1. Would you be able to say whether some residue in segment 302-322 is more than 20 Å from Ser230 (Cα to Cα), outside any helix (DSSP H, G or I) and open to solvent by less than 40 Å² (accessible area, probe 1.4 Å)?
2. Within the set of pairs 6+ apart or on separate chains, which have a first residue in segment 114-132 that is free of Cβ contacts under 8 Å to residues at least 60 places away in the same chain, a second that is open to solvent by less than 20 Å² (accessible area, probe 1.4 Å) and within 12 Å of the ligand (Cβ to nearest atom), and C-beta atoms under 7 Å apart?
3. In segment 144-154, how many are part of a helix (DSSP H, G or I) and either open to solvent by 40 Å² or more (accessible area, probe 1.4 Å) or among the polar types (S, T, N, Q) (or both)?
4. Which residue pairs have Cβ atoms under 6 Å apart, sit 6 or more places apart or on different chains, and have a first residue in segment 26-45 that is closer than 14 Å to Val189 by Cβ and a second that is assigned to a strand (DSSP E or B) and within 9 Å of the ligand (Cβ to nearest atom)?
5. As an exercise: evaluate Leu298 against (1) assigned to a helix (DSSP H, G or I); (2) open to solvent by less than 20 Å² (accessible area, probe 1.4 Å); (3) in contact with a Gly (Cβ under 9 Å, 6 or more places away or on another chain); (4) within 16 Å of the ligand (Cβ to nearest atom) and give the number of the one condition it does not meet.
6. Read through the list (1) surrounded by fewer than 23 Cβ atoms within 10 Å (Cβ to Cβ); (2) of a type in the set (D, E, K, R); (3) modelled with pLDDT of 95 or more; (4) away from the ligand (no atom under 16 Å from the Cβ), then give the number of the only condition that Asp41 fails.
7. Please give the number of the condition Ser224 fails out of (1) within 16 Å of the ligand (Cβ to nearest atom); (2) surrounded by fewer than 18 Cβ atoms within 10 Å (Cβ to Cβ); (3) in the same structural domain as Ala353 (by TED's automatic domain parsing); (4) modelled with pLDDT of 95 or more.
8. Quick check on Gly291: is it of a type outside the set (Asp, Glu) and surrounded by 20 or more Cβ atoms within 10 Å (Cβ to Cβ)?
Amino acid sequence: MNDLITTVTDGFTSRFGAAPAGLWSAPGRVNLIGEHTDYNDGFVFPFAINRRTVVAFGLRSDRLLRVASSFAEESVELSLDDLAPENLAGWSAYPLGVAWALGQFGADLALVPGFDVFIDSDVPIGAGLSSSAAIESAVAVALNDLWQLGLDRRVLARVGQLAENRAVGAPTGIMDQSASLLGEADSAVFLDCRTLEAEVIPLGFDAAGLELLIIDTRVSHAHSTGGYASRRASCERGARMLGVTSLRDLTVDDLDRALDVLDDETFRRVRHVVTENRRVQDTVRTLREHGPTAIGALLDASHLSMRDDFEISVPELDLAVDTARGAGAIGARMTGGGFGGAAIALTPSALIAAVTAAVTAAFAVRGFTAPDLFVVRAADGAGRQQ
Ligand code: GLA
């Protein structure tokens, strides 16, 4: 974290020739359970992680927006007068998309001043840990302060989601930005994606001697193309055919009827979402009543549902999950949108090294690219840094 603070402060000063007015940061997230339920108005249970994006901002006296980062050589410049989704491309679409989206949520972009921003991050890109939501949320809290907008964090989450949907072009839900904005240390966020009511629930991993191991398969994925959008379309079709506003309105008792009405593929997509919503609620209850050691079976069941019903896993994710379980993890599943990215393995601290070695060896035997394994902790959400 201190490294990032130094890089963005120095980066800002050398790129823009003055010290920044302030620093803000926001974390990536990992989803403990509740996958592809957010855009179905359902439940999710993610947490903010101890990997962050830090942004240094300075306000300008004109209407120019200048964006620079330590991961791109060039700076991008645009006038506030030209801020529109069709004028945004590449990585700068994330920060500039947020500036545009704030205008859609009440900021008067005709009146606000321009800005310079320098960005750096240690959230791994493409690992399914929401490096993009971390940028969006950091920029959203910063501009909310600097432009004195007074927007609530739930609104800022919708701002980030709108930027992602319209400026970046990925039809994603509200989970990632909500976790990044609402997360708290050692806790996960139980979010109702219909009402955006959120409850912060202590995880108790430390007391139970557990850690959450990330297994980044390094199979890259993009949610602006292909599978993610087609899964979303299947869910919408299923809801339409069953006469409900969204799949959130169904329970497992409705699945018999769904079986009669839907084709096999749509039925399995619907069954995943309906049972996953149930598993999220069961996980929260189990965690409260019996602690984290008792949630392993729910994580395992979630993975099978994504592998067989929703069909968003890949061989590397299945191998990661199976091997981690075999080496002593108490529960494991792919996390995030799927088609690559990372798996999580809830693992006793004493077995982290053994699970890491087993997964690494299994990938080598299958000839897969070497995975990256590391432990994450639940951290605080977005905020002002200094
Ligand atoms: C991606 C999206 C989220 C969510 C997950 C799947 O991470 O950004 O909105 O849909 O996939 O649960």
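The values are calculated or read from the model by the stated rules, or taken from the named source; none is laboratory data. Note that this is a predicted model, so its numbers are computed, not measured. Heads up, the Cβs are rebuilt from the backbone with ideal geometry, glycines too, and the neighbour counts pull from every protein chain shown. SASA here: full protein model, heavy atoms, side chains in, ligands and nucleic acids out. Shrake-Rupley method; radii C 1.70, N 1.55, O 1.52, S 1.80 Å.
1. Scanning segment 302-322, I find no residue that is more than 20 Å from Ser230 (Cα to Cα), outside any helix (DSSP H, G or I) and open to solvent by less than 40 Å² (accessible area, probe 1.4 Å), so the answer is no.
2. Ser132/Glu164
3. The first filter runs over segment 144-154 and keeps only residues part of a helix (DSSP H, G or I), leaving 144-146, 153-154.
In the following step, the residues that additionally are either open to solvent by 40 Å² or more (accessible area, probe 1.4 Å) or among the polar types (S, T, N, Q) (or both) were identified as 144-145, 153-154.
Number of matching residues: 4.
4. What qualifies is Arg29/Pro46; Asn31/Pro46; Gly34/Val44; Thr37/Val44; Asp38/Val44.
5. Against the list (1) assigned to a helix (DSSP H, G or I); (2) open to solvent by less than 20 Å² (accessible area, probe 1.4 Å); (3) in contact with a Gly (Cβ under 9 Å, 6 or more places away or on another chain); (4) within 16 Å of the ligand (Cβ to nearest atom), Leu298 comes up short only on (2).
6. (4)
7. Among (1) within 16 Å of the ligand (Cβ to nearest atom); (2) surrounded by fewer than 18 Cβ atoms within 10 Å (Cβ to Cβ); (3) in the same structural domain as Ala353 (by TED's automatic domain parsing); (4) modelled with pLDDT of 95 or more, the lone unmet condition for Ser224 is (4).
8. Taking the combined requirement at face value, the residue does not satisfy it.
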